[in-house]
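In what follows, a structure is listed as structure tokens, so that the remarks can point back to it.
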Amino acid sequence: MSTAKLHWERERNKMVNQDKIKEAVKLLLEAIGEDPLREGLLDTPDRVARMYTEIFSGMDTDAAEPLARVFAVEHNEMVLEKDIGFYSMCEHHMLPFYGKAHIAYIPEGKVLGLSKLARVVEVYARRLQIQEQMTGQIADAIMRYLAPQGVMVVLEAEHMCMTMRGIKKPGSRTITIANRGVFEENALLQDRVIQMIKMD
């Protein structure tokens, strides 16, 4: 593991109170009628604490960092990065929702490195979230830090709170769209992006 990654993990561990998470998991196990001292559960509080440190790592992360690395371009043709996989946690039931993000933008003299769009998705996915809010946050961050002519963000996801509890409808997907800048009033641009997303 690199020195930079080790430093980041140590800093992140300081922000997350793993002892409180472990205690909460023990209480939860007791509350559902389990024995926290059962062999299979002995290390579960520690595992959950380490897992939460990882899956909520976006809570204290700023999208400005991945969006700071830009490259000058002479032409301003549309850029689309699609099928960016993500996993997030619904803030209502603390169950996962997961799927794909598609991001299109029209540059204004500068573009992002391709991996940076995926990193922006990770920043907002790795926190307690709702899909509608996450879609807008990604779009707003790109507008704020890259200042393109416009951006369109499409998220499609399956929510475990709909598939394993409640209405129990596995396979159902939720699609959310955020349009900013030139995409807001231009239905032709929006349709073009949708068609590009559908292309194999």
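The values are calculated or read from the model by the stated rules, or taken from the named source; none is laboratory data. What you are looking at is a predicted structure, and each value in this text was computed from that prediction instead of being measured. Reconstructed Cβ throughout: ideal geometry from the backbone, glycine too, with neighbour counts over all protein chains shown. Heads up: the accessible areas ignore ligands, DNA and RNA and are worked out on the full protein's heavy atoms, side chains in. Shrake-Rupley method; radii C 1.70, N 1.55, O 1.52, S 1.80 Å.
Numbers at a glance
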read-out: Residue in region 92-107 that is within 18 Å of residue 183 (Cα to Cα) and part of a loop (DSSP other than H, G, I, E, B) present; value: yes
read-out: Hits in region 74-104 (condition: under 10 Å from the mean Cα position of the chain (by Cα) and surrounded by fewer than 16 Cβ atoms within 10 Å (Cβ to Cβ)); value: 85, 87, 98
read-out: Qualifying residue in region 3-24 (condition: at pLDDT below 95, open to solvent by less than 60 Å² (accessible area, probe 1.4 Å) and among the small types (Gly, Ala, Ser)); value: no
read-out: Positions within region 127-173 being β-branched (Val, Ile, Thr) and in contact with a helix residue (DSSP H, G or I) (Cβ under 6 Å, 6 or more places away or on another chain), in sequence order; value: 138, 151, 153
read-out: Filter result (closer than 15 Å to residue 174 by Cα, assigned to a helix (DSSP H, G or I) and open to solvent by 10 Å² or more (accessible area, probe 1.4 Å)) within region 124-135; value: 132, 133
read-out: Sole exception among (1) at pLDDT 95 or above; (2) open to solvent by less than 30 Å² (accessible area, probe 1.4 Å); (3) over 20 Å from residue 176 (Cβ atoms); (4) out of contact with any Gly (no Cβ under 6 Å at 6 or more places or on another chain) for residue 66, by number; value: (1)
read-out: Residue identified as aliphatic (A, V, I, L, M) and open to solvent by 40 Å² or more (accessible area, probe 1.4 Å) among 157, 147; value: 147
read-out: Cross-chain or 6+ apart pairs with Cβ under 6 Å, region 58-71 first and touching a residue at least 12 places away in the same chain (Cβ under 8 Å) and within 14 Å of residue 126 (Cβ to Cβ), then open to solvent by 70 Å² or more (accessible area, probe 1.4 Å) and of a type outside the set (A, V, I, L, M); value: 66/119
read-out: Subset of region 162-185 that is of a type outside the set (A, V, I, L, M, F, W, C) and touching a residue at least 24 places away in the same chain (Cβ under 8 Å) - its residue that is most open to solvent (accessible area, probe 1.4 Å); value: 173
read-out: When residues of region 87-129 are limited to those that are in contact (Cβ under 8 Å) with a residue 40 or more places away in the chain and of a type in the set (Phe, Trp, Tyr), the one nearest to residue 193 (Cα to Cα); value: 105
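Results for (1) closer than 15 Å to residue 104 by Cβ; (2) at pLDDT below 95, shown as yes or no for each residue.
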site	(1), (2)
133	no, no
142	yes, no
149	yes, no
152	yes, no
156	yes, no
161	no, yes
